[in-house]
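The values are calculated or read from the model by the stated rules, or taken from the named source; none is laboratory data. These numbers come from a predicted model, not from an experiment. So basically every Cβ, Gly included, is an ideal-geometry build from the backbone, and we count neighbours across all protein chains shown. When the accessible area is computed, the model is the full protein with side chains, heavy atoms only, and any ligands, DNA or RNA have been set aside. Shrake-Rupley method; radii C 1.70, N 1.55, O 1.52, S 1.80 Å.
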Amino acid sequence: MVVSSGGVLAPIVLIVSLAHTPAATAALLLNFEAVATAIIAVMWYREPIGRRMGGALSLITLSCIILSWNPDQVFGFSIAALGILLTCTFWGLDNNFSKMISAKDPIPIVMIKGLGAGTVTFFIARALGESIPPPETCCVAMIIGFLGYGGLMSVFFLMALRGIGSARTGALVSTSGTTTRTALTPTTSTAMTAPAAQSIDVFRETKQMRGIP
C-alpha cells in the first residue's frame with residue numbers, strides 16, 4: 001500500500017491534473033496533504049491535534065475550496081483541482097502507512113519504495129508511448145529526487161514519524177517552502193529548491209525531537 005498509494009497512484013493523478021491547473025494554484029493546493037494526513041491520523045491512530053493545528057488545517061481546507069471553485073465546471077469545482085486534492089489524499093494515506101514501518105531502518109524502506117514505484121511508473125509511461133528523456137534531463141531529475149521526496153526528505157520524514165506522529169510531521173512538511181527555500185537562494189528556481197527545503201525542515205525537526213542542538 002505504501003508503494004501503490006504514494007509512489008504510483010499519487011504521481012500519476014498529479015501529472016494528469018497539473019496539465020490543466022496553473023502552477024501557482026497547484027502549489028497552494030498541494031498543502032492539502034497536511035489536512036489529509038492529519039484527518040487520517042486522527043481517525044486511524046487517534047493522534048491528538050491542538051486548537052492551533054486544527055485552526056491552521058481549517059484555513060488550509062478553506063483556501064483549497066476557494067482555489068478549486070470554478071462555476072464553469074460540473075458541480076462548480078475544477079476537476080483538475082480535485083485531482084490534486086486526490087493526490088494529496090493518496091500521500092496522506094502513504095504518510096500514515098509509513099508510520100507503521102517507521103521504526104525500521106529508513107534507508108532500505110526508501111530504496112524499496114523508490115525502486116517499486118519507479119519501475120511501475122516507468123513501464124506505464126512506456127506503454128503510453130512516452131519517450132526516454134535525454135541523459136542531462138535524467139541527471140537533473142535524479143538530483144532533485146535524491147534531495148526531495150523519495151530521497152533525503154523521505155529518510156528524515158520516516159525518522160520524524162517515529163516521535164512526533166503523522167499529523168504533526170505532515171503539517172511541518174507543508175510549511176517547508178516559505179522560509180528555508182528563500183534562505184537557500186532567492187534566485188534558484190522553485191523546482192530545484194523545494195526538495196532541499198523540505199529535507200532541511202524535516203531534518204531540523206528530527207534533530208529537535210531527539211534533543212540534538
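If you rank 91, 44, 69 by how much accessible surface each has, with a 1.4 Å probe, what is the order from largest down?
Values: 91 40, 44 115, 69 145 Å².
Largest to smallest exposure gives the sequence 69, 44, 91.
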Percent accessible area from carbon and sulfur atoms, segment 1-92, protein chains only, probe 1.4 Å: 74
Note down the accessible area of residue 173, probe 1.4 Å, to the nearest 10 Å². 10
Nitroxide proxy distance, nm - points 7 Å out along Cα→Cβ at residue 62 and residue 123: 4.7
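So how do 94, 72 rank on accessible area, 1.4 Å probe, biggest first, that is with the largest at the start? List each step's numbers first, then the result.
Details: 94 0, 72 145 Å².
Accessible-area ranking of 94, 72, largest first: 72, 94.
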Apply 1/(1 + (r/R0)^6) to the Cβ-Cβ distance of residue 46 and residue 143, taking R0 = 30 Å, and write down the FRET efficiency to the nearest 0.05. 0.15
